[in-house]
Amino acid sequence: RRITPVIPPKANRVTPRQTDFALYRERNLVERFFNKLKHFRAIATRYDKTARNFLAAVQLVAITFLLN
């Protein structure tokens, strides 16, 4: 399927597969951002009705992450 494995293999795997650790680092960064984003209740439950207001709330939370 032409999918690049990003998660490193277990240490006890018989035939270890190649892993791109730079890509793994970027994926981890994105996953941690979304995990932090879900801690905000308004974002996790999506109180806003319009996509514009939801995007504004996500941007506001992302700005607070950058400032902290």
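The values are calculated or read from the model by the stated rules, or taken from the named source; none is laboratory data. The shown structure was predicted, so the numbers you read here are calculated from the model rather than taken from an experiment. Ideal geometry is used to build each Cβ from the backbone, glycine not excepted, and the neighbour counts take in all protein chains shown. Keep in mind that these areas ignore ligands, DNA and RNA; they rest on the heavy atoms of the full protein, side chains included. Shrake-Rupley method; radii C 1.70, N 1.55, O 1.52, S 1.80 Å.
Worth pointing out:
- Helical runs (DSSP H, four residues minimum) scored at -39500 (n - 2.57) apiece and divided by the length of the chain put the mean residue ellipticity at 222 nm at -18000 deg cm²/dmol.
- More than 14 Å apart - percent of Cα-Cα pairs taken over the chain: 69
- Within the chain, chymotrypsin sites (Phe, Trp or Tyr not before Pro) in DSSP loop having at most 13 other beta-carbon neighbours inside 10 Å: 47
- Per residue, the range 21-61 exposes 89 Å² of solvent-accessible protein surface, assessed with a 1.4 angstrom probe and all protein chains in place.
- Nearest-ten-degree value, helix 21-37 long axis tilted from longest Cα axis of the chain: 30
- Among the trypsin sites (Lys or Arg not before Pro) found in the chain, those both in a DSSP coil and sparsely packed, with 13 or fewer other Cβ atoms within 10 Å of their Cβ, are 1, 2, 10, 13, 17, 38, 46, 49.
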